[in-house]
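A short reminder: the numbers here are calculations on the coordinates, not readings from a lab. Nothing here was measured: the structure is a model prediction, and the numbers come from that model. So basically every Cβ, Gly included, is an ideal-geometry build from the backbone, and we count neighbours across all protein chains shown.
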Amino acid sequence: MKEELIISGRMNPYVDPTLNIWHWQIPLYLFLGGLAAGILVFAALSYIRGREEAHPWAVKKVPFLAPVLLVAGLACLFFDLNHKLFFWRLYTTVKLQSPMSWGAWVLLVVTPLSIVWSALHIREFFPNWDWKYTWLKEAEKFANKYKLALAWVMLIYSVILGVYTGILFSAFNARPLWNTSILGPLFLASGLSAGAAAIVMFTRSKEERAYFARVDLIIIGIELFLITHMFMGFMASTQVQIEAANLFLGGPYTAPFWIFVVFLGLVVPAILDVLELFDYHVPAIVPSLLVLAGSLMLRFLISFAGQESRYLY
């Protein structure tokens, strides 16, 4: 028998693999966080602009989804942790260079704010609601007194949350597909579009639906511009980033990205929004669900494709 000795570190797991550390929990969390951020941005912005009566669903009712979405997203993060009992260590320090540290503290602010904002409008669903304890009644009076300041804080932190969902990826320079500054604005725009779509889907006001359909149409145009700019940047960059872009330009992610994200998630809803603006009745749930599905698919594809892109040959 002839023996051969093979010495290679590549025989060890995770030395030269397809990186597959982040599973479905992370892109789902990014979608839920981006959707909640979009809803809260429009709620705060509409209130600041004095549009509370013109946009009652955006300001008072749809934001009730935000704390549910954020808690569900946090559950996804918790489920993804290997050492679940040590999550609290994220809050024992602040690391400005760490996107995860930023995300942990932003969520710690946004989640209670979304709960407070919902509590201030609870009588929209329960007209006879009465806080049983005096301190809760005093807290409600205090929050209503400084509601404008609360809206500004919520707006700022919701924008940070929306951008952070993309920066969480772009901070990983070792993954060529993620190594682009476009992901932050793209994920923010996607979250805003999903938030506008949620308002369009739930509102019972024709004027409010038309307004946010126009807003969503503008944001979809911005998304298409950012996606085009992202791939142009990749194709004009280094070989590894060209190869990363090729995952979507002829590679295994081409069909799902261009069909489900770009065509069904952006182009078709934009056409339906235009038809709605020209008084062609389109059921609001159709473009809204397409936008939401496209936003979700965007995060899954960017997450999984990014883990396949690499510098190794």
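Fewest Cβ neighbours within 10 Å first, please rank 227, 199, 160, 218 accordingly.
218, 160, 227, 199
Starting at the first residue of segment 170-175, write each ³J(HN,Hα) from the Karplus equation 6.51 cos²θ - 1.76 cosθ + 1.60 with θ = phi - 60°, in whole Hz, x for Gly and Pro.
Rounded to whole hertz, the list is 5, 6, 8, 5, 6, 9.
Quick one: 201, 232, 154, fewest Cβ neighbours within 10 Å first, how do they rank?
So the residues, fewest neighbours to most, are 232, 201, 154.
With the Cα gyration tensor of segment 192-249 giving a ≥ b ≥ c as the square roots of its eigenvalues, does the rule (a/c under 1.5 for rounded; else a/b larger than b/c for prolate; else oblate) give rounded, prolate or oblate?
The shape class here is prolate.
Dipole of segment 22-308 (Lys/Arg Cβ +1, Asp/Glu Cβ -1, origin at the Cα centre): which of 135, 57, 253 lies farthest to the positive side?
Looking along the dipole axis, the top candidate is 135.
Answer with one residue from 268, 213, 33: the one whose Cα lies farthest towards the positive end of the charge dipole of the chain, charges on Cβ with Lys, Arg +1 and Asp, Glu -1.
33
Quick one: if the Förster radius is 51 Å, what FRET efficiency do residue 137 and residue 237 give, using the C-beta to C-beta distance and rounding to 0.05?
Once the sixth-power term is evaluated, E becomes 0.30.
What is the distance, in nm, between label points placed 7 Å from the Cα along the Cα-to-Cβ direction at residue 254 and at residue 147?
Output for this residue pair reads 5.4 nm.
Quick one: which of 60/141; 60/137; 61/95; 61/147; 132/206 span more than 25 angstrom between C-alpha atoms?
61/95; 132/206
Using a Gaussian network model of the chain with C-alpha springs under 10 Å, which one of 290, 275, 65 is most mobile by mean-square fluctuation?
In this elastic network of the chain, the residue with the biggest mean-square fluctuation among 290, 275, 65 is 275.
Comparing 127, 283, 252, which has the greatest mean-square fluctuation in the GNM of the chain with Cα pairs linked when under 10 Å apart?
127
Would you mind telling me which residue in 178, 129, 152 has the biggest mean-square fluctuation in a Gaussian network model of the chain, where springs connect alpha carbons within a distance under 10 angstrom?
129
Using +1 on the beta carbon of Lys and Arg, -1 on that of Asp and Glu, and nothing else charged, what's the dipole of the chain about the Cα centre, debye to 20?
Roughly 800 debye for the chain.
Please report the net charge: other residues with Cβ closer than 10 Å to the Cβ of residue 52, K and R +1, D and E -1.
Around residue 52, the surrounding residues sum to +3.
What is the order of 238, 203, fewest Cβ neighbours within 10 Å to most?
238, 203
Each residue of segment 220-226 in turn: what ³J(HN,Hα) in whole Hz from Karplus with 6.51, -1.76, 1.60 and θ = phi - 60°, glycine and Pro shown as x?
With coefficients 6.51, -1.76 and 1.60, one gets 4, x, 5, 4, 4, 4, 5 Hz.
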